[in-house]
Amino acid sequence: MAYHSGYGAHGSKHRARAAPDPPPLFDDTSGGYSSQPGGYPAPGADVAFNVNHLIGDPVANMAMAYGGSIASHGKDMVHKELHRFVSVNKLKYFFAVDTAYVAKKLGLLVFPYTHQNWEVQYSRDVPLPPRQDLNAPDLYIPTMAFITYVLLAGMALGIQKRFSPEVLGLCASTALVWVVMEVLALLLGIYLATVRSDLSTFHLLAYSGYKYVGMILSILTGLLFGSDGYYVALAWTSSALMYFIVRSLRTAALGPDSMGGPAPRQRLQLYLTLGAAAFQPLMIYWLTFHLVR
């Protein structure tokens with residue numbers, strides 16, 4: 001029994017010795033991270049390592065620089081192509097308005113008969129922006145009036161139980177296409193009549209777009225007072241717009257540079273102005289009569 005006890009004690013001494021650790025299956029790569037309790041890396045340490053590695057990688061830097069140059073080149077190309085077809089600076093001029101100008105211009109479009117001076121004001125051979133000159137054409141009122149016309153047309157169609165997205169889209173596209181065709185016809189007439197003036201496409205688009213104001217008033221009056229009110233408003237807004245177009249275009253197309261021209265050319269220019277003015281009531285009626293019943 002003593003032998004067995006001694007053997008057991010001897011065996012326990014051998015077992016008490018620390019056995020050598022087996023070789024690790026994987027290499028310890030945690031030395032690059034700051035030590036944390038439990039042997040886990042510090043939060044964000046792997047992200048910082050990846051960012052530092054990306055910044056220090058010359059291939060990544062070259063790729064980032066190349067991508068930035070491509071984006072910059074593409075931006076320059078877009079701006080170049082945009083400036084080829086549309087002058088942004090000229091377009092900004094037609095939207096340089098304020099609240100006072102909009103209120104006065106709407107009043108002028110509705111009642112233009114008492115306005116005296118129709119000439120566009122200049123400063124150092126540069127026309128003043130619309131907010132400083134009531135006679136200067138703008139594109140803000142035509143744009144807002146077109147949007148209001150589309151919304152009002154949708155409301156009128158809804159009241160008549162005829163609303164549908166297709167009908168509203170057809171109404172909006174028809175109004176826009178007719179204005180574009182009117183501007184193209186005016187450009188052709190100016191070219192054939194050899195008019196020397198400062199009228200540009202934007203000017204003609206602004207003058208043609210002012211009809212939306214009369215269209216809105218006619219539709220609103222028709223919805224409130226029926227067909228009789230619609231025709232009264234149509235007659236008033238049409239006559240006011242005709243007077244406004246004749247005075248504005250005649251001043252612009254028959255300016256001082258054109259007054260000394262031959263008599264036949266002056267007659268052609270006058271006929272062009274009267275034709276553009278006479279076309280406005282027809283367009284207002286054509287684009288609004290089906291919305292009032």
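Excluding ligands and nucleic acids, what accessible area in Å² is computed for residue 271 using a 1.4 Å probe, to the nearest 10?
140 Å²
Below 8 Å between Cα atoms, with a sequence gap of 6+, how large is the relative contact order for the stretch 115-235 in percent?
Contact order relative to length: 27 percent.
Return the sequence-ordered ³J(HN,Hα) values of the stretch 273-290 in whole Hz as given by the Karplus equation 6.51 cos²θ - 1.76 cosθ + 1.60 applied to θ = phi - 60°, using x for Gly and Pro.
Whole-Hz 3J(HN,Hα) from phi for the stretch 273-290: 5, 5, x, 5, 6, 5, 6, 5, x, 4, 5, 4, 5, 5, 8, 10, 5, 6.
Cα-based Rg (one decimal) and Dmax (whole number) for the stretch 81-172, in Å?
Using the Cα atoms of the stretch 81-172, the pair Rg, Dmax is 17.6, 56 Å.
In whole Hz, what ³J(HN,Hα) sequence does the stretch 145-157 give by Karplus (6.51, -1.76, 1.60; θ = phi - 60°), x for Gly and Pro?
With coefficients 6.51, -1.76 and 1.60, one gets 5, 5, 4, 5, 4, 5, 5, 5, 5, x, 5, 5, 5 Hz.
Would you pull out the residues with amide H under 5 Å of residue 128's amide H, same chain only if 5 or more places away, H placed 1.01 Å from N?
For residue 128, whose amide H was placed from the backbone, the distant partners under 5 Å are 121, 122, 123.
Whole-Hz Karplus ³J(HN,Hα) for the stretch 167-180, in order, using 6.51 cos²θ - 1.76 cosθ + 1.60 and θ = phi - 60°, x for Gly and Pro?
Calculated HN-Hα couplings, in order: 5, 5, x, 5, 5, 5, 5, 5, 5, 6, 5, 5, 5, 4 Hz.
Taking the simple approach of a point 7 Å from Cα along Cα-to-Cβ for both residue 191 and residue 148, what is their distance in nm?
If labels sit at residue 191 and residue 148, their model points lie 3.5 nm apart.
Which one of 160, 109, 147 is farthest out on the positive end of the charge dipole of the stretch 99-167, using unit charges on Cβ (Lys, Arg +1; Asp, Glu -1) and the Cα centre as origin?
It is 160.
Leaving ligands, DNA and RNA out of it, work out the accessible area of residue 228 with a 1.4 Å probe and give it in Å² to the nearest 10.
120 Å²
Quick one: if you stick a label point 7 Å off each Cα along the C-beta vector at residue 285 and residue 201, how many nm between them?
Taking the simple label geometry, residue 285 and residue 201 are separated by 3.2 nm.
Could you pull the accessible area for residue 236 with a 1.4 Å probe, rounded to 10 Å²?
110 Å²
Along the Cα-to-C-beta direction of residue 236, a point sits 7 Å from the Cα; which residues of the stretch 92-115 have their amide N less than 19 Å from that point?
103-115
Local charge sum around residue 245 (other residues, Cβ-Cβ under 13 Å, Lys/Arg +1, Asp/Glu -1)?
It works out to a net charge of +2.
So how much slack lies between residue 274 and residue 167, counting 0.36 nm per residue of separation and subtracting their Cα-Cα distance, in nm?
35.2 nm
The values are calculated or read from the model by the stated rules, or taken from the named source; none is laboratory data. Being a predicted model, the structure only gives us computed values, none of them experimental. Please note: Cβ atoms are built from the backbone with ideal geometry, for glycine as well, and neighbour counts cover all protein chains shown. The protein model used for the area step is the full one, side chains on, heavy atoms only, and it has no ligands, DNA or RNA in it. Shrake-Rupley method; radii C 1.70, N 1.55, O 1.52, S 1.80 Å.
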